[in-house]
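Notes follow the structure.
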Amino acid sequence: MQLRLTIILLFLASCTFSQTAITRGDTTKKKIALVFTGDEFGDGGNFIASSLKNAGIKASFFLTGNFYRNPSFKKLITQLKDNGNYLGSHSDKHLLYCDWEKRDSLLVTHQQFREDLAHAYVELSKFGVGKTEAHYFLPPYGWYNDSIVHWTAEEGLQLVNFSPGTRSNADYTYPAMGPRYVSSKDVYNSIISFEQRSPSGLNGFILLVHIGTDPRRTDKFYYLLPLLIGELKNKGYEWVRIDDPGFYP
């Protein structure tokens with residue numbers, strides 16, 4: 001009993017949680033989980049798939065039912081799976097679960113959440129991926145509260161989200177957004193800067209990038225991925241899937 005308690009405490013100490021969702025892996029290991037989310041856009045898919053294969057690494061793709069249903073993306077999804085990447089769910093309809101300003105205010109009912117999630121896994125199953133193979137679930141918009149964490153656990157899934165500290169998740173922005181827009185150069189620099197100033201670097205980091213973005217963003221960050229992957233490889237980092245046992249304590 002004492003040994004089991006010690007193991008649990010060590011796990012909690014070396015992982016980072018946000019309302020019990022995992023937002024970072026083992027901060028003592030130089031491993032990074034590169035994750036991609038996608039809903040309506042997939043323009044970077046082929047370049048990303050090729051870049052990962054050329055670099056000899058695997059990543060994790062959390063895609064919505066909308067994405068899995070889109071016939072234009074079927075060949076890409078099959079390729080990603082065949083190349084050994086993780087395929088997971090990002091919900092079915094990309095619902096906003098809770099209010100942006102009042103995070104404890106739900107915008108969906110428990111039933112709506114369950115039905116949407118069930119539909120999402122139906123789409124995943126069409127690519128030969130079941131719940132057991134897609135145990136990790138990344139919520140739409142990366143936005144959730146304790147109710148969503150609890151409901152996710154009830155479905156036998158583990159909620160995960162990106163690690164805070166860089167601007168990688170802002171790669172979807174475009175100039176018309178004004179001050180919210182973040183250029184690809186600034187996204188890249190934010191990752192390198194964080195790695196340099198953080199005591200644990202990017203150890204156990206869940207780095208989120210979008211598989212595609214609005215056409216109004218012509219400055220696509222995914223074109224810088226080969227450079228980023230290479231630079232961090234040279235610093236001793238290993239790129240792993242979100243379900244890699246070695247990513248956790």
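Here are a few things to note about the model shown:
- Taking amide H positions as modeled 1.01 Å from N, with prolines and chain starts lacking one, the residues under 5 Å from residue 137 and 5 or more places away or on another chain are 158, 159, 160.
- Heavy-atom surface of segment 154-249, accessible at 1.4 Å and reported per residue (Å²): 44 Å²
- Proximal aspartates and glutamates to residue 102, defined as alpha-carbon separation beneath 16 angstrom and excluding residues fewer than eight positions away on the same chain: 146
- Estimated at 0.36 nm per residue, the fully extended path between residue 28 and residue 99 surpasses their Cα-Cα distance by 22.1 nm.
- Cut-off 13 Å between beta-carbons: net charge of the residues surrounding residue 163, Lys and Arg +1, Asp and Glu -1: +1
- Quarter of the Cα convex hull surface for segment 90-186, i.e. its orientation-mean projected area (nm²): 7.7 nm²
- Carbon-plus-sulfur accessible fraction, the chain (probe radius 1.4 Å, protein heavy atoms only): 55%.
- The alpha carbons of segment 134-249 occupy a box of 40, 36, 23 Å along the principal axes, longest dimension given first.
- A simple spin-label model places pseudo-atoms 7 Å from Cα toward Cβ; at residue 196 and residue 154 they are separated by 4.8 nm.
- Cut-off under 5 Å, modelled amide H: who pairs with residue 88 long-range: 61, 62, 63
- For residue 83, neighbours were defined as the other residues whose beta-carbon sits under 12 Å from its Cβ, and their charges (Lys and Arg +1, Asp and Glu -1) total +3.
- Computed [θ] at 222 nm, deg cm²/dmol, the chain (DSSP H ≥ 4; -39,500 (n - 2.57); rounded to nearest 500): -10500 deg cm²/dmol
- Calculated accessible area for segment 41-106 comes out at 46 Å² per residue, all protein chains present (probe 1.4 Å; ligands, DNA, RNA ignored).
- When each of 29/58; 75/131; 75/233; 131/235; 81/126; 29/233 is checked by Cα-Cα distance, pairs over 24 Å: 75/233; 131/235
- Relative contact order (percent, whole number), segment 53-92, Cα cutoff 8 Å, 6+ residue spacing: 58 percent
- Here, P(r) means the percent of Cα pairs in each 10 Å bin from 0 to the largest distance; for the chain it is 7, 31, 38, 21, 3, 0.
- Rounded to whole Hz, the Karplus (6.51, -1.76, 1.60) HN-Hα couplings of segment 158-169, x for glycine and proline: 10, 6, 10, 8, 5, 7, x, x, 10, 9, 4, 6
The values are calculated or read from the model by the stated rules, or taken from the named source; none is laboratory data. This is a predicted model, so every value here is computed, not measured. Note that we place each Cβ from the backbone using ideal geometry, even for glycine, and neighbour counts take in every protein chain shown. What goes into the accessible areas is simple: the full protein's heavy atoms, side chains included, and nothing from ligands, DNA or RNA. Shrake-Rupley method; radii C 1.70, N 1.55, O 1.52, S 1.80 Å.
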